[in-house]
Structures are given as C-alpha cells and as structure tokens.
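Undergrad: One structure coming up, written as structure tokens, with questions to follow.
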Amino acid sequence: MKRIQLLLSLLLFTFCGIAQDYFPKNEELKEDNNNYTAFTNATIYVTPNKVIKKGTLLIQNGKVVEAKRSVTIPQNAVVINLKGKHIYPSFIDPYTSFGIEKPKGKPGQGRSPQYEASREGFYWNDHIKPEQKGIDSFKYDKKKAAEFRKAGFGVLNTHLMDGIARGTGVLVALNDDGGDGNRIVEDVSGQFFSFEKSKASRQSYPGSLMGAMALLRQLHYDADWYSKGNVATKDRSLEALIANKGKTSFFEAGDKGNDLRADKIGDLFNLNYIIIGGGDEFEAIESIKGTNASYIIPINFPEAYDVSDPNLADYISLEDMREWNQAPANPKILSDNEITFSLTTHDLKKPSEFKNNLLKAIKYGFDETKALAALTTIPAQLLGESDKIGSLEPGRYANFLVTSGAVFDKETTLYENWVQGKKNVINSKDQKDLSGDYSLIVDGKNYELTISGKTSKPKSEVKIGETKYPSKLKYSNNWLTLSFTNEATKEIYQATGIVPKEGERITGKLLLPNGLENSFIATRTGDASEKDKEEKEDEDSKPQIMPLTYPNIGYGFVSKPKQQDMLFKNATVWTSEAEGILIETDVLVKNGEIFKIGKNLNPEDAKVIDATGKHVTAGIIDEHSHIAALSINEGGHNSSAEVSIEDVIDAEDVDIYRNLAGGVTSIQILHGSANPIGGQSAIIKLKWGEQADELIYNNSPKFIKFALGENVKQSNWQSFKRFPQTRMGVEQLYVNYFNRAKEYDTKKKSGQPFRYDEEMEVLAQILNGDRYISCHSYVQSEINMLMKVAERFGFRINTFTHILEGYKVADKMKEHGVGGSTFSDWWAYKYEVNDAIPYNAAIMAKEGVVVAINSDDGEMSRRLNQEAAKVVKYGNMTEEEAWKMVTINPAKLLHLDNRVGSIKEGKDADLVLWDDHPLSVYAKAEKTIIEGVVYFDMERDKQKRRAIKDERSTLLKMMLKEKEDGGKTKPPMKKENKHFHCETIN
Amino acid sequence: MKTIKQLLIVVLVIAGFQVLAQQTPAPAQIAAITIKGATAHIGNGQIIENSTIVFEHGKITAIGNESTSSRGREIEAVGKHVYPGLIAPAKALGLIEVNAVRASNDDDELGDFIPNVRSLIAYNAESKVVESMRPNGILLGQIAPQGGRISGTSSIVQFDAWNWEDAAIKVDDGVHLHWPRGFRRGRWWEGEPRGYLPNKKYQIQIEEVIAFMKNAKAYGKGIGVSKNEAYGEMGGVFNGSKKLYIYADGEREIIDAVSTAKENGIQSIVLVGGYQAYRIIPFLKENNIPVLVQHTHSLPSKDDDDYDLPYKLPKLLVDGGLLVALENSGTSNFQTRNLPFYAGQLVGQGMDKETALQLITGNTAKILGIDDAYGTLEIGKSATLFISEGDALDMRTNQLTHAFIDGREISLETHQTELWKRYSEKYNQK
C-alpha cells in the first residue's frame, strides 16, 4: 500500500516536474518551491466517513502528502494552525458547461424546414456530434471559476452542451494560476448525450422526443456496422463515437421519465449511462431504482409562487404547488433508496444558489455525510478519477475547503478554498467572531452594543436603555468601523479600531460630532441575546411535506386501488356479443376477469354492487386517441416508422382520468398525421396511477400509423420542399419504401450481413404480416390507392381511420377486408372533408365493414357513448350495433377482441356501470373498472375534489408565509406541457 | 352507358359543391297548418301533452290541448314532440365554409376596435354548413364577427333564405367585445416559458377599451364632426338599442368587464363564455347580467377543476337565478348542430329537461332580444318550430320529420342527406 502511494506521488511529482522542467523562463528567475504546508489542529474529513479530529494535513507541490492524527512535520514546512476549524475535500461538479460557450440559436422563424444535413463527411444528422471535443472550445473563465470556488467547488467537469450526441468533455481544476497545463485534470473526460437538438442546426429531424430516441438507437447500430468496415465512405462522427467507446457516458435526461428513456437506450447497447436527472425522481423512485444507474441530480428546487393575488393563484395547478413543497425531498429519497448519485449546480441560475438549496435538502432529511459524498467521493468515482480528486488521501490534489465549522451548517463560514495547493481566500479566517453583547464607553457615556450575525458580516445594535441609536458596522481586514447616530440631536459618532487576536476588549479612536477626536472602549459582557436562538429553532422545525399520490397530480390516488372481486346485481347488461342486451342479469368479476354472467349468481366473497335500474357495459375502446403522450408527430422525415409512441407515454395526463370518467378503458395512441408513414402506436389500458410501461398491453398487437391527403402533402401550411406534395406522390412514396423494405428483408433473411435499420425493420414487419396499419384517410381516391398498393405487396390494410369518404368505397373496403374507424359527425374543417357525412358509419357497417367510432380528441373521447348514439340518429343503426362501434368493433380492429370489448366469461373485467341507458346523453359512468380494479368511482371522485381544495388551501397558505418570511417567489403560471423546454423536441 | 352514368355523377358532385349549395328556400305560408297530438315543449319551461298547435301566415294562432280546434292542413304527430326552433348565438355560421381554406373565411377582419364591421353583409345564406343545422332543429342564429378586441357587429338570421337580406330577422343587434385576458400564453419563442403567465399588459388593454368607449360616447354628442364609423356604430350600445356582448371567462375579467361597461354607460350587457361565472353569481345577479355560457361539451380549462365542470356549469348559473342560454363560440361552426345535445348534457347533471330546453330557445331569444317573435311556442309568435320523432335533446331520438320557419315548411335535406341517399342506393341499402 505504502509503495503504491509512494509511486503515485512520484508519478504526480514527475508530472508537475515535467511541466516546469522543460519550460524556459525569461521574465524572471527559474526557481522551485518544494516546501511543505502543514495544517494543524483541524477536524479533517479525509473522506465523508473518515474524520480525523485535531489532525494535520500535509501538502506539497499541490498534492496531499498525508492527513493524519499525528504527522511528522518536515523542517521545511509552513505551519498553519487551524484550531477549531474544519477541512473538507472541495466539491466536484460533474455536469457543467464551464468555460465552453453554447452556440447561439439560428433564427428560423417562418422559414420552411430544413430536411437535409448541413455538414459533409459526418453523420447524416446535424444533431449527432460525437466528434465534438470539449477541449477544443474550452477557455478558462476566471470570473466563473471564482463563483464556483465561493460555492465550495474545486473541480468541474464541463462539455459543450449542445446536440443529441455532444462529444467529449474536460475535467478541470479551478486553479487560476499555472495555465491549462496544470488545471486540466483530464481532456477527454467521458462523452455526453441528450435528447435535445443542436442549436447550431435547423435540421428538422428529429422533431420529437421519440424521434431523438430512435435517432440515438440508429446511431449505435450504424456505428457497429461502420466499425466492421462495411462502409466505403468516411464518417468522422461515427469514427469518433467508435474511438470513444468505453469512455464514461453521461446522458442528460432532465426528468424522471427521460431518466428511464435514457436507461432503456443504454440497456439496448450495454451502455451504462450516468444519467443527469431532473429533480423529480422521487415520484417514480421504484423505477429509478430499477435502472441500477448512477445519477447526477440537480437541486434547483422550485421557488414558491407569489400567490398574493388569489385570482392569479387560481391558475397554478396543485401539481405545480406540490412540486415546490416536495422536490427538496428528492435527494433524501434517492439516498434512502440507496441510489448512487452526485449533485450538480446544473440548472441553477448561479453557483451561489447551491448552498441554500442543499441546506433545504438537508432540512428535508438528506443526510449530511451522504451530501458530502455526493459532492466529493461519488463524483470522483463516477468520473473514474478517485485517485486524483474527491478525497484527501495521499497523492490526491490538495483541493480542500477550510471552514469555521460543519460545512453544511447555515452559520458556517467558508474561509478558504485551496485548489491544487493554491490558496483562495473566500472569507478571512483570521476574522474573529465578534458576536456578543458589549459595553461601549464613548465620551464618558455607556452604551449597550450588540453584535450579531455572521462573523464575516456582523450586524450592530446600539442603545442606552430603550433609546436606540441607528448604527452601521463594518469589519474587514481586522479593522472595525462603527458609526451611530443620536436621532434626537442628529449627531453622528464614528469609531474605528483594530480587533485584537486575543481578549474581549476593542479599543480605538472615536470621531465626535464636533470633529474632535476621542477614544472608545468596547468590552464584551456576554453572548448575544436569546431572541436569535428562538428564531433558529423555528426555522429548523421539520417542513410539512404533502403526501405523494399516484400519479403525483391533483386527481392521483393516495394509495393505488386494488383488484377486487365484485358482483353486479340485477343490471341491464350490454354484452356486445350475440347474446345482446340482457335484462336483470348479474355479472361476477373474479381475479380481474369476467367469471360468470347469469341470474341470481352467488357472490361468494365478492363485493356486491346493486345495479338495479343501471346498465353494465364493456369498457369503451377508442381506436384513435392522442391523449397521454409526450409527443405525437415526428414530422422531420416523410417516413418515421422507426419512432414509437410506446416510448413517450405520459401516464400522468389528467385526460386519462377524465376518459375513465367517461367509461373509456382502452385506447390506441396513434402517431400524428404529418407523414405518409407515421410511427408505431401504443395500445394502452387507462390504469390511472401506474407507470407508463404498466399501461401498455402485454403482448400488444403491433400497429403503425399511415396518413394520406392534405396533412402529408403539407397543404395547409407553408412547406414546399418535402416529397410528396400531391396524392400522386403519396402512392410513389409508399411503393418506394415497400420496395426497399422488401429488398432489406430479403437480404436479412438470406443470412448476408446487413445494416440494421429500425425503419426498414418496421416496414418489413408490415410486409410479413406482423404489424398492422391504421391509416388516416379522407377521400375515396387515396383510400382505394392504398388498398391497391397493399395488394401489390401482398398484405392487407387493417384499419382506415377517419375514413370520411369510406361510404363511397365501402364495397371495395369490404372486399379488401379493411375496417373503418370514423368520427360520428365531423366535417367542414378542411377541403378534403367536404363530402364527409354523418351517415358514413351506417353505410359502411351495412356494407359489411367492421366500423368503430373514434375520437381523435381528448374531449370527445370522454363522451364516445354519445358519439355512438349519433349513429342511431344518422343512418338508423340499431342501438346494439351502435354500442358495438365503441366496444367490440374497435377491439376487433385492434386484434384485442379475445381479451376485451365485450362482456363474456373469461375476458378481462374491463367494465362500466352507467346510471342510465349508455347511449343516452343523460347517462353518466358511475364506476369504470379495468381488470377488476375500480379506477374511476363517482363517490371517490367527490372525495378527491374535497382533498384537492383542502391541499390547495394548505399550500397556498404555506406559500403566502414563504413570501412573508422573505423567501423568493415567482409569478403564477399555468403550465402547458410540464416537461417541455424551449429547445426540447416534443 | 355505365361510364356516362359515372360521368354524370361526377358532374353532379362537382356541381353540388359549387352551385347547388342549399335547398331551395320554402315559399311563404299560405294555408293554415295544425300539428296535432304531439307533446309540445313550449320553451319557457312549460309542456303541453297531446297538444294542438295552429299557425297561419307564419304566426302561431292557437296552442292548447286536444280540445283546441284544428285549422287547415293537419299534421298527425301523436307520440312525437314539437319544439321551438333552436337558436345558436355568437357563431360565425355563414362566414366560414371550410376552416382550412382561407378563401372561404370571412369571419375575422383586421383591426382591434371595429364595431362598424358588420357580419350580415358577408353572411352566406347558401352555406352548406348552415344548411346542416336544420335537420337537428337549429333554425335561427346570431352571426357574430370573430377576433380582435371589438370584432364587429352581429345580426340575427333565420336559416332558410335566398340571401342575407331575406335571412335577417334582427339587423345589427349587438357589438362583440373580447375582453382582455389577465393570464396569457407565454411567448416561448421569445424565451418565455411554455404555458400561461400573468398578462402584464392587462391593465393597459383595459385602458384601451375604456378610451375607445369614452371617445365613442363623446363622438355621439358632437355636431358636425367628421365621420368616424367605428365610434358611430357604438351609439346603439349607449342608447340601449344594441347589446354589448362581452366575452370573458375568468372571475376577475368578468368583474372588470361588467364594471367597466356599466361605468361607461353601456345599457345592455350580455356575458359570453363565463367559465368562472359560477363563482360570482351574486355579482352578476346584482348587475342583472344575462349569460351566454360556454357549451357543455368541452374540457375543464384547469387540471384541478372537476371533470364535469363544463357539463354542469350552465346548471350552476341557472340554479343561482341567472338568465342563461348556451353558446358554442369556442368550437367549429359545423359543431353547432350539436346544440340540442349540449343542452341534453345538463339533464344528466340534474337539470329538468324543459329548463334545459329553455337554454337553447326561450332564454336565448330573451337574451338576444328577439323574444317578441321567437323562442317559445306562444300565440302571436312566429311559427318557427320543428317536429321530432322523439326527445330532441338526446342523440338517439333527435329525428326531425318537419321544420317550419315563419310558418314556411323548410326542406330537411342537405348536401349530406343527398350523398347518403345516393350511396345507399348504390349499395341497395335500406
């Protein structure tokens, strides 16, 4: 062990030596200083868990020689007595952009999109820049460095924060002297990734979060293909990525959902990303823990809202108010769950905000030792630099803090921040703590002087009995200046004197109001008054933290509802099967399934629900929904088959709850209609309160969205550059892609090496019958066209969605075997829906097409029962057939009719209890059940409303108090899309 | 032969789109008509079972039970329901044909204070969208310009006319003012956060409204001053001959709007929208403000709001004792045909069916100031009414057999029913 230490120090010495050795010096004489510095009598935190009381820290040439209880101090040592003071390794921030400027955004408002890359010899996408070297644009920033040092940091990891693949970073010590040769600890300190596009390019793709994910996946496949020598051309991006393989990879995710998304990509390619989180990890702590990843966590806790105007306060959601209340608990919860994480100043406006936020986290229960580790040993370990930084073990850089006491105490003063053995004074440590009560004798009069506050910034109060004399106190460089005013006579007294190192008396010169000089004596009589302590206790009281709900928004559950067996007694049962509508019938639910349908069933242990006069139906299924997703369109390419809505499910969208309140239990979240070939769908159950992945059907049928007409031609906005611009072009686009997919598939099946292409994989699935198409469609010409294209390639279109002119080609649809999922009565909103008629569903159904009524709209989706009723009005369908259009028919179109869509023994217990005829505008859903779990209950909804009101009122009061107490506040705001930032692609 | 037939269809389709935009308007009523045996929903909360309704020369001349004697042509309607023609306020019907086709949009003119811009002269009496209102029972509408602060002046029309002049039943009935919002969308492209923020210019924008009102009022008193059409058009709202429709949703905005309008001598104020009106019912009552409240088929505007707040909002106002009718200014024109169902939604919230009906008939007529002739089935009023097979407020049963505007029996066919019939025939469907 000792030998290794010796070797290490030798190596490091050599390093320093070399740097000095071969540099000629002309402006001064070249001489070495090999003296030691010894810091004695200090409480030394060698590591967060290794503490030496009254120990000595010995350093030389910028390195730690040793830190021990007793150290033999060499003769040539400068000794500094740190009695009563503490020494900590200085902090490390592993995620900053220190010294590296981000590119300025390119103005692009109103100009038509740029589809192709602007660089040559690099990857095909401008947002992929693994070849970018942070060191190339690094310029040491002295001003910023001082700010960071003041906040306790000694080493920063920095990189060019721009793009999806951002290249490599730089690890730098905040040493103002000596130049980059000394301070650069590592010039390739890992590589960096994010979901955010580069500001330096306007290339459209990826235009969404799911697109960014797909792009990252494809990048890794392409790197693999390239590394095997399969590519004839030169790609400097891929070459850089390949060269940096094995380097630590940092991924800026930015919130809990993106943490999981980044981890998922990492898992696919065996990459252990260190994930830069968002501070909301506590809301999904189980999943976060499940990633087994290490994290870098920002602590930019939200400020309270200024709620002094109730009219404006009304706009703030409970979710956002709670965030203010709960977010400071994030570090504690992460640490309670034994997740490895480091802290960062990232996302803070300035480093000086770091301490207060950290103190807040500690007040919320974050352990101080763990906090210290999260700032020292852990970041060092994450960076793979524990042998150089993060502790005061021998051989490490002499990067340490000298403080007046415990580093995370509010009252503690940071005196010095040493970096690479170089002292940086933050506050003079020789400054004496003057706080206390003094007897001040001036010109024969005896005043009472009280000094309080921080050692470096003391405050004064001067009085005689009840008479106060407004005063000002300044204390720097050992000199004290005090001025005070006699308000009655308007006379000003000015005193100044040196503060002695020892003793309780301060004396000096006094300038009397009459201009004459005199002297003063201030004698310390005792500690400052009690008042301050009381205040302190009050501040230290544990904060009141609102309980977390699932999901953590207004209508979340305090505890998740559980599956239960239940018996609906005496209901009108709409089976959506050949049995039709059964009167006075019981439905028994067991273990999440429909167990039995019949009369006078024995409840056994099931909860009995009296449904007399009420109706029980299968849960409504919406074939075409866009709720509960963070992004819908990847419009950057005319084909985006590689993207998947499953990647971007938003399980916290309140519209899920509202849909449940309308009797909806399953939806297909379709990609938007920006491209002829859209993205893959997510088919989910509305299990409110569960994590996104839990919502997706097990063994979900695979779907993809296609689109025709005005949207894919980009007819209704100013874009003239993207193919296709006509319906003629749409056909050729499909033919082209399917030709290519076929060639791809043939090559793949032949066993030859092939470049793995996610987009082609998905298209090949269609050709092989493993993936179904739901195609956005309006006019008959294009509908017919797509069926012909499919027939030419030997597959079948599964569903035409919207299909507003389906009635014109219903016979052809029947023949092709495609279903129709349509609006009940929408039209007139654009040119291609001129001939849309509300009789469409009826005509198609009568012609033998499987027809569903869908919403494509978060409002309409919660009244799909009423939309189905319109089919009775327009086209005289029977009520039973109409009802099937929102239950078993969409289930058939989604290939889920063996599981859901009807009331049949053995199927999932996805049921709705209605208080009235379900097709009536008067009906309300009383209970909505998925797999035997009651996710919506009208009675429970009332309790939730009450709870929301109460919690809002509590939080409003807390925020008002925060403002009264001088806390920072921000103006009220109603969020549109909570996770979106300006540069975030949705 | 087949090709010729197909060609003919194509020609017809094209012609249908371009020329044959609406059913031929019905001729004036000559002979008396009696509707016998239906349940008559008066539109004022009353109902007459097994009713007899007689109308002549466009006006209702008798209404009562089975003992009332018939006159003229008798329409047998036992088991059916008769309703006053439904009224759609605050819409741009006939000003927009296809939303996405700019050339077909005439609803929103440039300028912030342009009360002199009049909807009536741009109203397309042959609009296919207007035509599609009638088979659902909507026979009258207030055509309102959109956008800006004061977007213009509306007129009230009936939906079976050759041209706008024939369609008008009340010309230039009101001025439409879109009140500034205290909370506005952040301009994220300028670096503001995405979402809604307090509107720092709110007070300034109110000052602009006040300045316009004061100038308009002063202008009215001047003699021989140079012409200012915008100020001139405001005369009616000061002398009470025109209403001022103020669009506002937030509690504070509503209070500001009503107070400002009152202070500036506006005689007759109607609140439009009123999302948070339920919180200040006593204020609205005290100031005698009727509300055209936002329709029921919309989403709550805040995450923490009750999921059914839009469903029950009109009921809360009615229960509070306000004069209330439904509007759907926030939706596309074509949606207006769902007006009866917007009212139907309230029944599920516990409102009496006849009260719900008032919100799209009698109350609307009162608020718009056309209740002397429209909105209810009463002697002396216009025979603007329809017969439905069943409950017109429920989708399943809203099936019209007859509709009359001023006693004229109008066609219930539309571009859409024609296509339905043509293609039903193609497939031999029944």
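Undergrad: Taking θ = phi - 60°, what integer Hz values does the Karplus form 6.51 cos²θ - 1.76 cosθ + 1.60 yield along region A:647-652, in sequence order, with x for Gly and Pro?
TA: 6, 10, 6, 10, 6, 10
Undergrad: While we're looking at this one, here's another question. Amide H of A:Ile275 versus every other amide H placed in the peptide plane: which residues, excluding those fewer than 5 positions away on the same chain, fall under 5 Å?
TA: Hits under the 5 Å cutoff: A:Phe251, A:Ser294, A:Tyr295, A:Ile296.
Undergrad: Can you compute the charge dipole magnitude of region B:86-374 about its Cα centre, using +1 on each Lys and Arg Cβ and -1 on each Asp and Glu Cβ, nothing else charged? Give it in debye, rounded to the nearest 20. Could the numbers behind the result be given before it?
TA: Numbers: 30 positive and 36 negative charges, 107 e Å.
Magnitude of the dipole: close to 520 debye.
Undergrad: Follow-up. Kindly write out, for region A:167-174 in residue order, the coupling ³J(HN,Hα) from the Karplus curve 6.51 cos²θ - 1.76 cosθ + 1.60 (θ = phi - 60°), rounded to whole Hz, with x marking Gly and Pro.
TA: Whole-Hz 3J(HN,Hα) from phi for region A:167-174: x, 9, x, 10, 9, 10, 8, 7.
Undergrad: A follow-up question, please. In a solvent-free Debye calculation with one equal scatterer on each Cα, what is log10 I(q)/I(0) for region B:47-178 at q = 0.13, 0.19, 0.21 Å⁻¹, listed in the order of the q values?
TA: Log10 of I(q)/I(0), two decimals: -0.64, -1.01, -1.15.
Undergrad: Where Rh is the Kirkwood radius over the Cα pairs of chain B, the temperature 20 °C and the viscosity 1.002 mPa s, what D in µm²/s does Stokes-Einstein return?
TA: The diffusion coefficient I find is 94 µm²/s.
Undergrad: Also: Debye calculation, C-alpha points only, no solvent: report log10 I(q)/I(0) for region A:620-900 at q = 0.07, 0.08, 0.14 Å⁻¹, in the same order as the q values.
TA: Rounded to two decimals, the profile gives -0.23, -0.31, -0.97.
Undergrad: Continuing with this model, one more query. Work from the charge dipole of chain A (Cβ charges, +1 for Lys and Arg, -1 for Asp and Glu, about the Cα centre) and give the residue of A:Tyr657, A:Ile242, A:Val886 farthest towards its positive end.
TA: So the residue we want is A:Ile242.
Undergrad: Considering only DSSP beta bridges whose two residues both sit in chain A, what percent are antiparallel, to the nearest 5? List each step's numbers first, then the result.
TA: On the way: 113 of 171 bridges.
Taking every DSSP beta bridge within chain A, about 65 percent pair in antiparallel fashion.
Undergrad: I need A:Ser70, A:Ser435, A:Ser631 ordered by Cβ neighbour count within 10 Å, fewest first. Mind showing how you got there, number by number?
TA: Working: A:Ser70 10, A:Ser435 18, A:Ser631 26.
Fewest-to-most ranking of A:Ser70, A:Ser435, A:Ser631: A:Ser70, A:Ser435, A:Ser631.
Undergrad: If you average the C-alpha positions of region B:41-58 and of region A:256-306 separately, how far apart do those two centres end up, in angstrom?
TA: 67
Undergrad: Next question. Along its three principal axes, how long is chain A when you only count alpha carbons? Whole Å, largest extent first please.
TA: For chain A, the Cα extents along the three principal axes come out at 109, 73, 54 Å.
Undergrad: Put +1 on the Cβ of every Lys and Arg and -1 on every Asp and Glu Cβ in chain A; which of A:Gly806, A:Ile620, A:Tyr829 then has its Cα farthest towards the positive end of the dipole?
TA: A:Tyr829
Undergrad: Taking neighbour counts of Cβ atoms within 10 Å as a proxy for exposure, in what order, fewest first, do A:His671, B:His297 appear?
TA: So the ranking, lowest neighbour count to highest, is B:His297, A:His671.
Undergrad: Between region A:874-937 and region B:251-303, what is the C-alpha centre distance in whole Å?
TA: Centre-to-centre (Cα) distance: 39 Å.
Undergrad: Mind ranking A:316-327, B:215-226 by how tightly packed they are, going by the mean number of other C-beta atoms within 10 angstrom, highest first? Let's see the in-between values first.
TA: Details: A:316-327: 22.1, B:215-226: 11.6.
Packing proxy ranking, top to bottom: A:316-327, B:215-226.
Undergrad: Right, next: Based solely on its DSSP helices, what 222 nm [θ] is calculated for chain A when runs of n ≥ 4 H residues each add -39,500 (n - 2.57) and the sum is averaged over all residues, nearest 500 deg cm²/dmol?
TA: The per-residue figure over chain A is -7500 deg cm²/dmol.
Undergrad: Tell me which lysines have Cα within less than 23 Å of A:Lys68's Cα, excluding those fewer than 8 residues away on the same chain?
TA: Hits, sequence-local ones excluded: A:Lys2, A:Lys50, A:Lys53, A:Lys54, A:Lys83, A:Lys85, A:Lys370, A:Lys388, A:Lys422, A:Lys423, A:Lys429.
Undergrad: For peptide B:92-105, how many partner chain Cβ atoms fall within 10 Å of a residue's Cβ, on average?
TA: For this peptide, the per-residue mean of nearby foreign Cβ atoms is 3.
Undergrad: If amide H atoms are built 1.01 Å from N in the plane of the peptide, which residues on other chains or at least 5 residues away come under 5 Å of the amide H of B:Lys243?
TA: Those qualifying (amide H under 5 Å, at least 5 residues apart or on another chain) are B:Gly174, B:Val175.
Undergrad: How many angstrom separate the Cα center of region A:604-630 from the Cα center of region A:199-254?
TA: Region A:604-630 and region A:199-254 have Cα centres separated by 45 Å.
Undergrad: Give me B:Glu229, B:Glu192 ranked fewest to most by other Cβ atoms within 10 Å of their Cβ, as a rough exposure proxy.
TA: Least to most surrounded, the residues fall as B:Glu229, B:Glu192.
Undergrad: OK, next. Mind checking B:296-302 for the average number of partner chain beta-carbons within 10 Å of each residue's beta-carbon?
TA: On the way: counts 2, 6, 1, 8, 3, 2, 8.
Average neighbour count from other chains, rounded to a whole number: 4.
Undergrad: Between A:Ala682, A:Ala327, A:Ala841, whose Cα lies farthest towards the positive end of the dipole of chain A when Lys and Arg beta carbons carry +1 and Asp and Glu beta carbons carry -1, centred on the Cα centre?
TA: Going by the charge dipole, the pick is A:Ala327.
Undergrad: Within region A:580-684, report the trypsin sites (Lys or Arg not before Pro) that DSSP leaves as loop and that have at most 16 other Cβ atoms within 10 Å.
TA: Counting only loop positions with at most 16 other Cβ atoms within 10 Å, the trypsin sites (Lys or Arg not before Pro) in region A:580-684 are A:Lys599.
Undergrad: Treating only the Cβ of Lys, Arg, Asp and Glu as charged (+1, +1, -1, -1), what charge dipole size does region A:399-533 show about its Cα centre? Round to the nearest 20 debye.
TA: Rounded to the nearest 20 debye, it is 440 debye.
Undergrad: How large is the charge dipole for the protein assembly as shown, taken about the Cα centre, if only the Cβ atoms of Lys, Arg (+1) and Asp, Glu (-1) carry charge, to the nearest 20 debye?
TA: With only Lys, Arg, Asp and Glu charged at Cβ, the dipole is about 2960 debye.
Undergrad: I've got another one for you. For n ≥ 4 DSSP H runs only, could you compute -39500 (n - 2.57) per run for chain B, divide by its residues and tell me the 222 nm figure to the nearest 500? Intermediate values should be presented prior to the final figure.
TA: Values: 13 runs with 120 residues, N = 430.
Per the formula, -8000 deg cm²/dmol.
Undergrad: Sticking with this structure for a sec: For region A:36-93, what does the alpha-carbon gyration tensor say about shape, rounded, prolate or oblate, given a ≥ b ≥ c as the root eigenvalues, a/c under 1.5 as rounded, and a/b over b/c as prolate?
TA: Judged from the Cα gyration tensor, region A:36-93 comes out oblate (a/c at least 1.5, b/c at or above a/b).
Undergrad: Using a 10 angstrom cutoff on alpha carbons, build the Gaussian network for chain B and name the most mobile of B:Leu385, B:Leu323, B:Leu110.
TA: Comparing B:Leu385, B:Leu323, B:Leu110 in a Gaussian network model of chain B, the most mobile one is B:Leu110.
A short reminder: the numbers here are calculations on the coordinates, not readings from a lab. Remember, predicted model here, so these are calculated numbers, not experimental data. Quick reminder, even Gly has a Cβ in these numbers, built from the backbone with ideal geometry, and neighbours come from all protein chains shown.
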